[in-house]
1. Calculate, for residue 66 and residue 103, the FRET efficiency according to 1/(1 + (r/R0)^6) with r their C-beta to C-beta distance and R0 25 Å; round to the nearest 0.05.
2. As an exercise, take the mean of 1/r over every pair of distinct alpha carbons in region 210-261, invert it, and state the Kirkwood radius in angstroms.
3. Students often get this wrong: which residues of region 64-79 have the backbone nitrogen under 15 Å from the point 7 angstrom along Cα-to-C-beta of residue 90?
4. Points 7 angstrom from Cα along the Cβ direction at residue 3 and residue 73: gap in nanometres?
5. Measure off 7 Å from each Cα along the Cα-to-Cβ vector at residue 83 and residue 233, then give the distance between these two points in nanometres to one decimal.
6. Test of understanding: what is the full-extension gain from residue 218 to residue 34, defined as 0.36 nm times their sequence separation minus their Cα-Cα distance?
7. Could you list the residues of region 9-43 with an amide nitrogen less than 15 Å from a label point located 7 Å from the Cα of residue 144 in the Cα-to-C-beta direction?
């Protein structure tokens, strides 16, 4: 079973960045992993006429970079990771964060977001959502600076080959934290428009059940990690939110490309729906290229 060996926290120096640094630093210690920080400077390139003479664009860039490094170092110290390597870049945050994660072979990227749904819908639509859509590494979105272990981890699966990667990512955190792990499969109904069209019948719809979930868990080869299987009826996004609330899960792990063919085709991204409405820390796991 894959373990967490390197954690990369991304910060812009704000309170949301501090959530990522605190959460990532604490998790890396519990997992026995290395910890690094990346901060991206979005420099507004003003035309020369708008600059106060005799300043040059490079001087502005250097000033912003120095300030970004200072803030990142302060956040690392606050998280008891004063010796953590800090990578500072200037440019567009999402692609740079994803690139650094690949270069550093990070097992987990940690970002910060606002816990309030109305605000999260705005924030997630910016840097965090762009990272999630482009990263090839699991991304943990922290809504608070969490330093204590996760107690209950809910992993949502669709029983595809991607489910193995999602289950293993959840199990790696569960092993580090000694957390309870529950796997949820949502059996979605056929959309009425498809039933009425006569193109599909309920008997042919690939809505699987408990035995299929148990097999998917077994195939993931989680070894010494116990996983409690759970099947719910209904739309995947709603089922995950309901299970999260009822079980009081404090971490949700989900694949980045939704649940099943119909969810992707008609309803958009389940993972973004969960991220915007769950008010819990969430890990988004991308598929392996080619799956």
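Read the figures in this text as sums done on the coordinates, not as results from a lab. Treat the numbers as computed from the prediction; the structure is a model and nothing was measured. Every residue, glycine as well, gets a Cβ built from its backbone with ideal geometry; the counts of neighbours run over all protein chains shown.
1. Efficiency for this residue pair is about 0.65.
2. Averaging 1/r across every pair of different Cα atoms and inverting gives 12.7 Å.
3. Label zone hits: 64-70.
4. That separation, rounded to one decimal, is 3.2 nm.
5. 5.8 nm
6. 63.3 nm
7. Inside the label zone: 19-20, 22-24.
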